[in-house]
Every structure is written in structure tokens, then in C-alpha cells.
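Trainee: Pasting a structure here, questions to come.
The values are calculated or read from the model by the stated rules, or taken from the named source; none is laboratory data. Everything quoted here is computed from the prediction, not taken from an experiment. For neighbour counting, all protein chains shown are included, and Cβ atoms are generated from backbone atoms with ideal geometry for every residue, glycine included.
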Amino acid sequence: MSRAATPALSAALAAPTAVGGSAGALPGATHAFDLLADIARELRPGVIFPICFDALLRVRQTLRTPDATLQQLAGAVRVDPLLCARVLRRANRLRPAVPVTGVRDAIAQLGGERSRHIASTLSGCQIGCARQLTHVDALSRRLWLHTLRTAASAYVMAQRLTSLDPDEAMTAALLHDIGAFYLLDRLARQPRVAEDPGGVEALILEWHETIGEALLQSLGLPAVLIDAMRDHEQPRTAPVSLHTVADVVFLANVLAGGATELYGDPVCHVSQRPEPVRERYAELLPDIEREFAALCGAMADKASTDGRVS
């Protein structure tokens, strides 16, 4: 499934860079793996990285609405996987009797004021990061739209085909590629990376599951969410029936295009080919499209027309 980094990217990653993502010196990092190891070592609960400009804009617009309902706040949280993870972390640190595994329940547990504070603090930090990464806007937006489509698919599949909590399935899907956003942020800060976007995608495809799992573990999120994102790009026997959130996320990811369409990966196990899965679940596609449009359109009526974030 993975592709090797191209020579141009390997050279860029071997160039001296600073730990933390700024230009400078990174002693001993002569290979892509060395840089990835350093990136992995940076993982901690307070790590900050942007998702994409559109997600950030929508969160900030909701925060400008003083009377936003809990439902509207949940809609804002769902457009940003890192914000999802932060809200879930905070809700579970209150030590509820049952682990909080969905955005809806996390917002209800925290209440509007605390949820708004978490979103405001995180998005404020993300603004500066996002402004430095305009050269990878297209890839970040593609990853983001894939994430939302996977989440929409997971919600509808769980609702229509299982007894699982649809919000839990959607939340797990929102988190399934969080490692890809973290890697994109870190890799995009390396010298000359912009010259080799295909190589960046190759590294993200190969490493985002491992990095994402480590990130969710560092945040202390419930095991069901970590299990659902673990190895979601790896070949497996496609489940005939959906018994677990992991089953739902695996098929939802394929339904949303998976590595085949997201990264243009030509090496694909039969279980990971989107078209057969779309044929199998054809009756669900209209509902999935409606749910996807709702996720994409959250706060759209409040979106800034001039494209500025503050």
C-alpha cells in the first residue's frame, strides 16, 4: 500500500531543519525516517496544527455568534478533527461513568461555555500555523473533504445498518486521518517540500496511521476510537456485516475514496477499491450525500465573504 518517498523529497527531508517545524539545524537527521522519528517524538497532548483554512474559518465564525446553541457548537467542532480530539479529551478528564466517545455527548458533558473556550483557544493558535502553510492548501482541503465524507458515510452506515451509536461512528471517522493533518503540517515546513507534493503524499500515506494512533493515545482518548482508526488503510477481508465501529470506519473510508482516490495509490487490495463498495451500498449514497452536505455546510450561512480569519 505504501509508496517510497521520491529522491527529491528524501533530499529535502535530509536537509538541516529544526525540531518543531522551523528552518534551522536538525543534527543527525539524514533520512526521511529520522525526520519522521523526530516528528513522532514531538507528539504530546498539547500539540497544535491546522486542519485547513475552511475548517478554521467555520469554527471562528461560530465563535463570533454569542448565542450559538450546543448543536451549533457541535457542528463547529465536527469540522476540525483536532478540535474533536481536544473536546473529547477534556470531557473524559471529567471522569464520567462511561467514556465519552462522541462529539454530541462531549459537548453536552462540557457545556457551552467550556466548549467555546476550548474551541477559541485552539483555533486562535491554529491561525498562525495556517498562514505559514498556504502552499499546501489544496492537499489539506482534499484531506479535509475526504474526512468529512468518511464521517458522513460512517454516520449513515451506523444509523441504517447497525445498532451502534451513529455519533460515535461519525466521531471515530472524523479522527481516522488526524495523523495525516499532523504530518502535512510538519512536513510542509521542511525546505523544498513544496517542490515535491507527490513525495509528501507518499510519506503521509505510509505513516499517517502510526502517527495518528500515537497522537490519539497521547490525548488519552477512549480505546474504541483508537481501535477504529488503527490500520484503516491496510488490506483486510471486507466485513460482510458491520459489528464494530472499526468495521464501519474501514468501509466508510473506502466508500469515501480511500487511498485509491485520495492519494492516487495504484496498489490496492480488492477490499479497498471504492467502486465495488459503492455498488454494495448504493441505496445509502443519497443519505450519505445529504449528511456530507450538512457537514460541509455547517455555519455556511455565517461564513465570511472576504475569506479573512480573525
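Trainee: Might you check whether a residue that is crowded, with 19+ Cβ neighbours inside 10 Å, modelled with pLDDT of 90 or more and part of a loop (DSSP other than H, G, I, E, B) occurs anywhere in the stretch 34-50?
Mentor: Within the stretch 34-50, one or more residues are crowded, with 19+ Cβ neighbours inside 10 Å, modelled with pLDDT of 90 or more and part of a loop (DSSP other than H, G, I, E, B).
Trainee: Next question. How many of the residues making up the stretch 151-172 are under 16 Å from ILE226 (Cα atoms) and crowded, with 24+ Cβ neighbours inside 10 Å?
Mentor: Going through the stretch 151-172 one residue at a time, the tally reaches 7.
Trainee: Counting just the residues of the stretch 174-187 that are part of a helix (DSSP H, G or I) and within 8 Å of the chain's Cα centre (by Cα), which one comes out nearest to CYS52 (Cα to Cα)? First the steps, then the outcome.
Mentor: Narrowing the stretch 174-187 to residues part of a helix (DSSP H, G or I): 174-175, 178-187.
Still in the list and also within 8 Å of the chain's Cα centre (by Cα): 174-175, 178-181.
Details: LEU174: 14, LEU175: 14, ILE178: 12, GLY179: 14, ALA180: 12, PHE181: 9 Å.
Filtering the stretch 174-187 for residues that are part of a helix (DSSP H, G or I) and within 8 Å of the chain's Cα centre (by Cα), the one nearest to CYS52 (Cα to Cα) comes out as PHE181.
Trainee: If I filter the stretch 77-124 down to residues being free of Cβ contacts under 8 Å to residues at least 12 places away in the same chain and not in a loop (DSSP other than H, G, I, E, B), which single residue comes out as surrounded by the fewest Cβ atoms within 10 Å (Cβ to Cβ)?
Mentor: In this case the residue turns out to be GLU113.
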